[in-house]
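The values are calculated or read from the model by the stated rules, or taken from the named source; none is laboratory data. Please read these numbers as outputs of a predicted model, since none were measured by experiment. For neighbour counting, all protein chains shown are included, and Cβ atoms are generated from backbone atoms with ideal geometry for every residue, glycine included.
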């Protein structure tokens, strides 16, 4: 079977692909064997380092689950703020009025250019200097602020790219039946652009969940990854075991998020509200900065 973009491999290509696969698996097995050997030599595979996660419920109720709760709380609040704010900024960048389009574009490009960790640090210092927020809550506020500012600007570009991906005839048809631009955007363009934007939006939501760990690393925010310190302090030097369990929890959370998004995207597409176009997250992050 062939297509415009892909030619089915012939017999020689199939044999070559099989050899490549076998070679890769062999190298992977050797690397895994070496890693496990080094871990065994350094006593990182001892049962007492891993058993607390199975036999002791306190490691979950005291550390992991509260940390996961803080991670989900910060990520959830950030999503709830960043999504509508990003949508508003993305629509603002498409405005016909220069006094709206130019300032909005400047805001988006400014916050997209700053690392999210730096935004968190700036926000934390601002809360220290100019607010009376208690020290126990400052890390969470700073994490949420940094995540909202950065991700709203990225989401703005995703929304803009999703709307621009629609055929020009959609806008022309809306104008032909007497719709104003705001009505066309709300009732014609945005509903159709949702399916194009959804994969990129989900990728950005996954980034939000993972980036909460930056607050734990630098600001002392008691999210999931931060609990590694408390676990190793109470259960011995089991850093590898704790980090492995924490990584698996992150994988499960993000897998659940992407699975739900895939189901939602399929449901929307079956409702015939999409155009078949998909916004590329990498293209938005790397190329949209140069777009007018």
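Points worth noting:
- Taken over the range 229-239, the criterion of being crowded, with 22+ Cβ neighbours inside 10 Å and in a helix (DSSP H, G or I) is satisfied by 231 alone.
- Among the conditions (1) over 30 Å from residue 135 (Cβ atoms); (2) at pLDDT 90 or above, the only one that residue 210 does not satisfy is (1).
- Members of the range 79-109 that are more than 20 Å from residue 205 (Cβ to Cβ), in a helix (DSSP H, G or I) and in contact (Cβ under 8 Å) with a residue 12 or more places away in the chain: 92, 93, 104, 105, 107, 109
- Every residue from the range 39-53 that is surrounded by 11 or more Cβ atoms within 10 Å (Cβ to Cβ) and part of a helix (DSSP H, G or I): 39, 40, 48, 49, 50, 52, 53
- Qualifying residue in the range 167-179 (condition: in contact (Cβ under 8 Å) with a residue 40 or more places away in the chain and crowded, with 16+ Cβ neighbours inside 10 Å): no
- Flag if residue 203 is modelled with pLDDT of 90 or more, part of a helix (DSSP H, G or I) and within 22 Å of residue 261 (Cα to Cα): no
- Qualifying residue in the range 153-166 (condition: touching a residue at least 24 places away in the same chain (Cβ under 8 Å), farther than 12 Å from residue 86 by Cβ and within 16 Å of the chain's Cα centre (by Cα)): no
- Within the set 283, 247, the sole residue that is assigned to a helix (DSSP H, G or I), in the same structural domain as residue 125 (by TED's automatic domain parsing), modelled with pLDDT of 90 or more and surrounded by fewer than 18 Cβ atoms within 10 Å (Cβ to Cβ) turns out to be 247.
- Near pairs, Cβ below 7 angstrom, 6+ apart or cross-chain, from the range 19-33 (not assigned by TED's automatic domain parsing to the domain that holds residue 9) to any residue that is modelled with pLDDT of 95 or more: none
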